[in-house]
1. Could you give the length gained by full extension between S24 and L10, i.e. 0.36 nm per residue of separation minus their alpha carbon distance, to one decimal place?
2. Sorted by mean Cβ packing within 10 Å, highest first, what order do the peptides 36-45, 58-67 take?
3. Using each residue's phi in region 61-75, evaluate 6.51 cos²θ - 1.76 cosθ + 1.60 at θ = phi - 60° and report the 3J(HN,Hα) Karplus result to the nearest Hz, with x for Gly and Pro.
4. Which whole-Hz couplings ³J(HN,Hα) result when phi for each residue of region 102-116 is put into the Karplus expression 6.51 cos²θ - 1.76 cosθ + 1.60, θ = phi - 60°, listed in order with x for Gly and Pro?
5. Pull up the cross-link candidates among the lysines for K87, meaning alpha carbon to alpha carbon under 25 Å and not fewer than 8 places away within one chain.
6. In nm, what is the difference between 0.36 nm times the number of residues separating E89 and L48 and their Cα-Cα distance?
7. Which semi-axis lengths, in whole Å and largest first, follow from the square roots of five times the eigenvalues of the Cα gyration tensor of the chain?
8. If you place +1 on the Cβ of every Lys and Arg and -1 on the Cβ of every Asp and Glu, how big does the dipole about the Cα centre of region 1-96 come out, in debye to the nearest 20?
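Just so it is clear, none of the values below were taken in a lab; they were calculated from the coordinates. Computed from a prediction, not measured in an experiment: that's the story for all the values here. Methodologically, a virtual Cβ is constructed for each residue, glycine included, from the backbone with ideal geometry; neighbour enumeration extends over all protein chains shown.
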Amino acid sequence: VQLQASGGGLVQAGGSLRLSCVASGSIFSFSFNSMGWYRQVPGKQRDLVASITRTSSTNYVDSVKGRFTISRDNAKNTVYLQMNSLKPEDTAVYYCNRWPTPWDFWGQGTQVTVSS
């Protein structure tokens, strides 16, 4: 399993970014897996931000509700995270992985930095 996250960058508070994550390798059952976006800041644990089931039901942590939208394209083995109204506290490395039980491999993630 390989997970390639991209789309991060430096943005001012209030701005937007769209993250993408392509799964490859032994992802024979990508469409049958619930997926999640996670984020991690240095010195802290990696936390779930949003999840999407195989039927595209979504869930979000309270801090991003109304600002972030998770979606998926099973034909492309890709999961997306649209992030609007970004805040400095959203600064982190963002990863995608299976949810609720992540695969062992996390990939390098993508850095999101929000300046105030």
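1. Using 0.36 nm per residue and subtracting the Cα-Cα distance, I get 2.4 nm.
2. Numbers: 36-45: 14.6, 58-67: 13.1.
Most protected by this proxy first, the peptides run 36-45, 58-67.
3. So the J values, rounded to whole Hz, are 6, 4, 5, 10, 4, x, 10, 10, 9, 9, 8, 9, 10, 5, 5.
4. Running phi through 6.51 cos²θ - 1.76 cosθ + 1.60 with θ = phi - 60° gives x, 5, 5, 8, 9, x, 8, x, 9, 7, 10, 10, 10, 8, 8 Hz.
5. Cα-Cα hits under 25 Å: K44, K65.
6. Full extension of this stretch gives 13.3 nm more.
7. Each semi-axis is √(5λ); the values are 22, 14, 13 Å.
8. It works out to roughly 60 debye.
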